[in-house]
Amino acid sequence: MRYSTRLRIGPVGFRVGSDWRAPIEQLDRLYRDYPRPDDGIADFNVRLFAARPWRRFVRPAVMIGGDYTIPDALPLPLNLGLLAAEMGMNLQMALAQRRYLLLHASAVERDGKALVMTGVSGAGKSTLATLLMARGWRFMGDEFALLDPETGLIHGFPRLVSLKNESVGVVERLMPDARFGPLLPGTPKGDIRHVVPDARAIAAMDAPAKPALILFPRFGFASEDRPVLPSEIFVRLTQASTNYVAMAERGFDALTALVQSVPARAIDYPDTEAAVALVERLWGELA
Amino acid sequence: MTKGDQRYRYARVPLPTLRIVPLDAMTLIYHRASGQTHVVASPVPELIEVLDEMPCDVATLLARLGEHFDLGDPDAAALAARLDELADVGLAVRA
């Protein structure tokens, strides 16, 4: 491809190629402190390409391709090229990752132990993980937590944090010195702005952590927490895992071990301060 | 014979083909032959427990269940229906 870059996020190496310069420049700027893939060999390829040659120039529209594709995916306008690259990397993970069981969750670490937060889009996974990072937790990722079937440990996947809508302003005020990507307005999920995880998150991205607490956050309700039965954790995590079926018995064994050994709570929170207080209390009691 | 017919005989699938993990009110069963995960509640684990490698008729299985569990209202037709459901997803053998 005309333009390309390589980068590694946690244990996964990517090569991203593009028909346009801009998305690659943005990736290089935001991922400049990340390592390259081990031995220079990428696990997955992402391609950002024009559907027709003239669409490189005329109303440029970015198709997302790579080793694995979704046939009917709609292209994104070029000003959302960074989002297309991020979606492309997520897509390869979602469709092709076989080494780790993918948990659709954010994760942070403290004292070698991981807090895993999972829930539907908008529940506050990314925002909570970012708030906790700003308070000294090590950020492990806001989209995928990688469960290693061999060890039961969580590996981080600390790609750029994808902030959406109200959380953009919250994090801009909280971390004014952080490196932000461009504001991407009008995406299918509303306004998105990426922020680079802090230096510690990047430096320690290869260190796995023992899962110690699973939270199911829900934004917009009075502070409350309730226990979650292992069978409910299992069902919710399998529903949110794109490679559970492909992982077959290794996935089953890894997940049954996780839900039997790690406490879980569903938490409701009305605002970010309440959320952090709730997380700290539960972490102190259970982790 | 049609499904639910109590003249069917039922056997258990070879136990090494299943991974059974009781969690709480629910039990997880991984079916190695299909790669499917089943999340089941009582009486499925109990039924799998009383099935034998030798096919048995419904009356025998009902009697065996009664020895192990308090059935309250033993119902052979309901048992046959449950066993058929298990056989349909590969967790029991219908003979």
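Is segment B:29-36 home to any residue that is over 27 Å from A:Arg236 (Cα atoms) and touching a helix residue (DSSP H, G or I) at 6+ places or on another chain (Cβ under 8 Å)?
no
Which numbered condition trips up A:Leu237, out of (1) away from chain B (no Cβ under 14 Å); (2) in contact with a helix residue (DSSP H, G or I) (Cβ under 9 Å, 6 or more places away or on another chain); (3) among the hydrophobic types (A, V, I, L, M, F, W, C)?
(1)
Hey, can you tell me all the residues within segment B:26-43 that are at the interface with chain A (Cβ under 7 Å from one of its Cβ atoms) and either farther than 25 Å from A:Asn243 by Cβ or part of a strand (DSSP E or B) (or both)? Give the derivation first.
Step one: list which residues in segment B:26-43 are at the interface with chain A (Cβ under 7 Å from one of its Cβ atoms), which gives B:26, B:28, B:30, B:32, B:35, B:37, B:39.
If the condition is that a residue be at the interface with chain A (Cβ under 7 Å from one of its Cβ atoms) and either farther than 25 Å from A:Asn243 by Cβ or part of a strand (DSSP E or B) (or both), then B:Met26, B:Leu28, B:Tyr30, B:Thr37, B:Val39 are the ones that fit.
Kindly list, by first and then second residue, each pair from a residue in segment B:45-60 that is more than 14 Å from B:Pro74 (Cβ to Cβ) to a residue that is part of a helix (DSSP H, G or I), limited to pairs with Cβ atoms under 8 Å and residues at least 6 apart or on different chains.
Matching pairs, first to second residue: B:Ile48/B:Leu86; B:Glu49/B:His68; B:Leu51/B:Leu61; B:Cys56/B:Arg64.
With respect to A:Pro23, determine if the residue is in contact (Cβ under 8 Å) with a residue 12 or more places away in the chain, of a type outside the set (Phe, Trp, Tyr) and not in a strand (DSSP E or B).
Against the criterion (in contact (Cβ under 8 Å) with a residue 12 or more places away in the chain, of a type outside the set (Phe, Trp, Tyr) and not in a strand (DSSP E or B)), A:Pro23 qualifies.
Any residue in segment A:54-80 that is not assigned by TED's automatic domain parsing to the domain that holds A:Leu184 sitting within a Cβ distance under 7 Å of a residue that is at pLDDT below 85? List the pairs, counting only those 6 or more apart or interchain.
Correct list of pairs: A:Ala61/A:Ala51; A:Ala61/A:Arg55; A:Met63/A:Ala51; A:Ile64/A:Ala73; A:Pro75/A:Ala51.
Look through A:Arg218, A:Arg193 and report the one residue that is in contact with a helix residue (DSSP H, G or I) (Cβ under 9 Å, 6 or more places away or on another chain), of a type in the set (D, E, K, R) and not in a helix (DSSP H, G or I).
A:Arg193
For segment A:236-273, give me each residue that is farther than 15 Å from A:Met117 by Cα, at pLDDT below 95 and crowded, with 16+ Cβ neighbours inside 10 Å.
Answer for segment A:236-273, where residues must be farther than 15 Å from A:Met117 by Cα, at pLDDT below 95 and crowded, with 16+ Cβ neighbours inside 10 Å: just A:Thr242.
Residue-wise test of (1) more than 13 Å from the chain's Cα centre (by Cα); (2) buried (at least 16 other Cβ atoms within 10 Å of the Cβ); (3) under 19 Å from A:Leu213 (Cβ atoms).
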{"position": "A:Leu82", "(1), (2), (3)": "yes, yes, no"}
{"position": "A:Gly88", "(1), (2), (3)": "no, yes, no"}
{"position": "A:Met93", "(1), (2), (3)": "no, yes, no"}
{"position": "A:Asp111", "(1), (2), (3)": "yes, no, yes"}
{"position": "A:Thr118", "(1), (2), (3)": "no, yes, yes"}
{"position": "A:Ala123", "(1), (2), (3)": "yes, yes, yes"}
{"position": "A:Thr127", "(1), (2), (3)": "no, yes, yes"}
{"position": "A:Met133", "(1), (2), (3)": "yes, yes, yes"}
{"position": "A:Phe139", "(1), (2), (3)": "no, yes, yes"}
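The values are calculated or read from the model by the stated rules, or taken from the named source; none is laboratory data. As the structure is a prediction and not an experimental result, all values here were calculated from the model. All Cβ positions, glycine included, derive from the backbone under ideal geometry; neighbour counts span all protein chains shown.
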